[in-house]
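The values are calculated or read from the model by the stated rules, or taken from the named source; none is laboratory data. This structure is a prediction, so every number in the text was calculated from the model and none was measured. All Cβ positions, glycine included, derive from the backbone under ideal geometry; neighbour counts span all protein chains shown. These area figures cover heavy atoms from the full protein model, side chains too; ligands, DNA and RNA do not enter into them. Shrake-Rupley method; radii C 1.70, N 1.55, O 1.52, S 1.80 Å.
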Amino acid sequence: MKQSIEPKIVIGSDEWCAFPSLNIPAIKARVDSGAKTSSLHAINIQPFSRNGEAWVSFEVHPIQDNRKVTVHCEAKVIDQRIIKSSSGDREKRLVIRVPLAMGEQLWDVEVTLTNRDSMGYRMLLGREAMHGRTLVDPAGHCLLGERLSDQLATLYRAPEIRTTGLKIGLLASNPNLYSNRRIIEAAESRGHEIQFFNIKNCYMKLDATRPEIHYRGGLVLNELDAVIPRIRPSMTFYACTLLRQFESLGIYCLNSSTAIAQSRDKLRALQLLLDNGLDIPTTGFANSPLDTGDLINMVGGAPLIIKLLEGTQGKGVVLAETRKAAESVINAFKSLNANILVQEFIKESSGKDLRCFVVDGKVVASIQRVAAPGEFRANIHQGGRAELIKITPEERRIAIKAAKAMDLKVAGVDLIRSNKGPLLLEVNSSPGLEGIETATNEDIASKMIIAIEKQLAGKKKAETSS
Ligand SMILES: Nc1ncnc2c1ncn2[C@@H]1O[C@H](COP(=O)(O)OP(=O)(O)OP(=O)(O)O)[C@@H](O)[C@H]1O
Ligand SMILES: [Mg+2]
Ligand SMILES: [Mg+2]
């Protein structure tokens, strides 16, 4: 049998090792020559596809008895195996192949991912991975060296977050809007330089070697660290092109062009939400007025809601109380070539909806909006008022999942409470701050800036370690 040219290292019954490609600088392994395969105790194991290949993302708590330190990992999946654990249970596990560092040596090993967190050791080193590399002295412990708790603390110190000195651009249309004023104030108070740029006055050079973004008057915007897009619906198309240009220059956009484009397309957004297992009121969409009758049946008949796809602030949302009214409204909109969708009317919501403000995967504030008397639309612009509300854990989970489904870092998620449980109405990519900050007293603007700081700190760390 082919032997490694390196001398074999003598290891004890447990040893410190590291997985450099997974950003795990230290993890204590139980050495178990009775086990064939090695395993890593991982949580949130999520398979995904990257460039047509099977990958997996997972989290590891690398330190025993410590759930605070979490490392996010990604690796290519090389196999799936049925593994019989020491308790005799059979479990299907994903297998990855990654470099393992022990002592002075580094070699590739196959590791299965499992979430048996009850185990004391976060890793099991099996004989396949040890083959030709190690000799085991069962009486020994950490023969390659101990890791003291302060060493571990240094290795796993939270990435240093840059809190000052970023150059941020606010891409919007009106610097005097409450939301924009608050974002500028929050960025400045956290020590950043922020400048307002009117989207209309930005223009760009598409060029393979020297792409550029200019501002009217000749200022070049290539040097920004991040931009915050706040886009009114009429500017969506131009603004998304502009954001793509920022993205290709490597400038971080708090809400990407793709995320904004897909959330602005109401039907696409609803389809994406459904694809991600989220519930919406039953919705119909048709091209021809000839199908109006059946379209109405599809959503359960009158009363029903008709929405203009381009509407916002509740302006294009109509309640048709009878079938006749629904037919006339649908056909009238159609004759004007307006794009509409029809939707089951959730009567039991009684003119109320929930707005959950999500930043970086967390609901940072939520309010209930209550429609004015005699009105079914809860929009503030339609006379609705904001009330404080405690959302349920399920609603919180749905709001976070919806923002994630749309890939939005910042999202205003609108939910409605129905007899079937919470339903999603829409996910807004430039949600307003005024109503919700005033009602809840939360500093949402600062949370948006912190999301940028975290993102750029993470990126900086990745750059220095690669
Ligand atoms: N299917 C429905 N059943 C009952 N009420 C509804 C339904 N759809 C919408 N509404 C009410 O109408 C309001 C406006 O609808 P929606 O949020 O879809 O439109 P919008 O014009 O995009 O508003 P926004 O300004 O939030 O973007 C909702 O906040 C809700 O109160
Ligand atoms: Mg909307
Ligand atoms: Mg809405």
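Given the criterion over 26 Å from the mean Cα position of the chain (by Cα), part of a loop (DSSP other than H, G, I, E, B), closer than 30 Å to Glu104 by Cβ and not assigned by TED's automatic domain parsing to the domain that holds Thr236, identify the matching residue among Leu135, Leu143. Working first, answer last.
Values: Leu135 fails: part of a loop (DSSP other than H, G, I, E, B).
Exactly one residue qualifies, and that residue is Leu143.
Could you please find all residues in region 353-397 being surrounded by 14 or more Cβ atoms within 10 Å (Cβ to Cβ), more than 15 Å from ligand 3 (Cβ to nearest atom) and of a type in the set (Val, Ile, Thr)?
Correct list: Val359, Val363, Val364, Ile389, Ile391.
Pick from region 38-63 the residues that are part of a loop (DSSP other than H, G, I, E, B) and open to solvent by less than 60 Å² (accessible area, probe 1.4 Å): which of them is nearest to Asn276 (Cα to Cα)?
Taking the candidates together, the pick is His61.
Only one of these conditions is not met by Asn23: (1) at pLDDT 90 or above; (2) under 26 Å from the mean Cα position of the chain (by Cα); (3) of a type in the set (S, T, N, Q). Which number is it?
(1)
Would you mention how many residues in region 283-315 are within 21 Å of Ala378 (Cβ to Cβ) and free of Cβ contacts under 8 Å to residues at least 12 places away in the same chain?
1
In the list Arg244, Arg232, which residue meets the criterion of being more than 27 Å from Asp275 (Cβ to Cβ), of a type in the set (Lys, Arg) and open to solvent by 20 Å² or more (accessible area, probe 1.4 Å)?
Result of the check over Arg244, Arg232: Arg232.
If I ask for residues that are of a type in the set (Ser, Thr, Tyr) and modelled with pLDDT of 95 or more, which ones from region 350-373 would you list?
Correct list: Ser366 only.
Tally time: how many residues in region 181-215 are assigned to a helix (DSSP H, G or I) and not charged (D, E, K, R)?
So the answer is 7.
Looking at Leu336, Leu304, can you tell me which residue is among the hydrophobic types (A, V, I, L, M, F, W, C) and in contact with a helix residue (DSSP H, G or I) (Cβ under 6 Å, 6 or more places away or on another chain)?
Values: Leu336 fails: in contact with a helix residue (DSSP H, G or I) (Cβ under 6 Å, 6 or more places away or on another chain).
Sole residue among the options that is among the hydrophobic types (A, V, I, L, M, F, W, C) and in contact with a helix residue (DSSP H, G or I) (Cβ under 6 Å, 6 or more places away or on another chain): Leu304.
For region 321-352, how many residues meet the condition of being touching a residue at least 24 places away in the same chain (Cβ under 8 Å) and either within 16 Å of ligand 3 (Cβ to nearest atom) or under 27 Å from Pro373 (Cα atoms) (or both)?
If we filter region 321-352 for residues that are touching a residue at least 24 places away in the same chain (Cβ under 8 Å), which is where we start, we get 323, 326-327, 330-331, 333-335, 338-349, 351-352.
Narrowing further to those that are either within 16 Å of ligand 3 (Cβ to nearest atom) or under 27 Å from Pro373 (Cα atoms) (or both): 323, 326-327, 330, 333, 340-349, 351-352.
Residues that pass the stated criteria total 17.
Out of Ala35, Ala129, Ala75, I need the residue that is open to solvent by less than 60 Å² (accessible area, probe 1.4 Å), touching a Leu at 6+ places or on another chain (Cβ under 7 Å) and in a loop (DSSP other than H, G, I, E, B). Which one?
Values: Ala129 fails: in a loop (DSSP other than H, G, I, E, B); Ala75 fails: in a loop (DSSP other than H, G, I, E, B).
Among Ala35, Ala129, Ala75, only Ala35 is open to solvent by less than 60 Å² (accessible area, probe 1.4 Å), touching a Leu at 6+ places or on another chain (Cβ under 7 Å) and in a loop (DSSP other than H, G, I, E, B).
Check whether at least one residue in region 270-283 is outside the structural domain of Lys404 (by TED's automatic domain parsing), of a type in the set (Gly, Ala, Ser) and in contact with a Ser or Thr (Cβ under 9 Å, 6 or more places away or on another chain), and report yes or no.
no
Of all residues in region 408-422, how many are under 19 Å from Ile444 (Cα atoms) and of a type in the set (D, E, K, R)? I'd like the intermediate steps shown before the answer.
First, pick out the residues of region 408-422 that are under 19 Å from Ile444 (Cα atoms): 408-414.
Going one step further and asking which of them are of a type in the set (D, E, K, R), we end up with 409, 414.
Number of matching residues: 2.
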